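A.B. asks: Dumping the structure here so I can ask a few things about it.
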Amino acid sequence: MKVPGNSSIKARLFIGAILIAISSCAFAQELPWLRTYSIEIGTGYRPLHMALYPTSAEEEAYAELGQSVYLGDARYPVLSLSGAMRASRRSEYVIAAGVSWCHHQLTQYSTFGIDPDGKPRYDLNDGKPAGWANSKPFATLTFRYRQIWTPGSAVELYTGVGMGLSSRTSFIPLPDITPIGARCGWEHLYFYLECTFSPVASFGHGGLGWRF
């Protein structure tokens, strides 16, 4: 059997060293993606569970005062705070906390006597505007996975899926689906806008992010 010469051994070692160096460079290029974290603040359109306001129990509480909720001009403020971890070049994990409430008008009805229990009777045909009121705020907590389709481009496109909880629904698990989202900006500061159906917001959700 022919034994390889020193030159052949050196050539193989040299090629091996080059391959190791290339592998190390490729691995080093992936490391920044593994160690990227972001914080996002946002707002959007009311989450779907806010359509449940007011419940029958809340309506009864207002009725005891001779009032009713008018939702014709109601507003639904939405605030969110998210933390994202870039696990790889194309994947990201997100924890999002949100809060939303209903800012609405009230109708006050006039009284016309006392019922057998000693409570005032209210004339439901004689109501007048009684100003604005706020529902109690409802908190949410959502866990989401994002699949990034255009990593490193000027506009990164992504989709997301997850599950969340809302105090509005007595902590019944709610689905979180983001068919399409986009973000663009600079090295640290960026803007994002997404179409989502989640405990945080529905239809539209966007804001600012800061990448560390």
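A.B. asks: Give me the percent of the accessible area of segment 124-210 that comes from carbon and sulfur atoms, probe 1.4 Å, all protein chains in place.
C.D. replies: Solvent-exposed carbon and sulfur of segment 124-210 make up 73 percent of the total.
A.B. asks: Here's a follow-up. Using θ = phi - 60° and the Karplus form 6.51 cos²θ - 1.76 cosθ + 1.60, what ³J(HN,Hα) does each residue of segment 45-54 get, whole Hz, x for Gly and Pro?
C.D. replies: Running phi through 6.51 cos²θ - 1.76 cosθ + 1.60 with θ = phi - 60° gives 7, 3, x, 4, 5, 6, 5, 7, 8, x Hz.
A.B. asks: Something else: Send over the Kirkwood Rh of segment 57-169, from the inverse of the averaged 1/r over different Cα pairs, rounded to one decimal Å.
C.D. replies: Its Kirkwood hydrodynamic radius stands at 17.9 Å.
A.B. asks: Take I177 and L52, extend 7 Å from each Cα along the Cα→Cβ direction, and tell me the distance between the two endpoints in nm.
C.D. replies: Spacing of the two 7 Å Cα→Cβ label points: 1.9 nm.
A.B. asks: If each of F112 and I95 carries a label point 7 Å out from its Cα toward its Cβ, how far apart are those two points in nm?
C.D. replies: Result for the modelled spin labels: 5.7 nm.
The values are calculated or read from the model by the stated rules, or taken from the named source; none is laboratory data. For clarity, every value in this text was computed on a predicted model and none was experimentally measured. With ideal geometry, Cβ positions are generated from the backbone for all residues, glycine too; neighbour counts draw on all protein chains shown. Accessible surface is based on the protein model in full, side chains and every heavy atom, while ligands, DNA and RNA are left aside. Shrake-Rupley method; radii C 1.70, N 1.55, O 1.52, S 1.80 Å.
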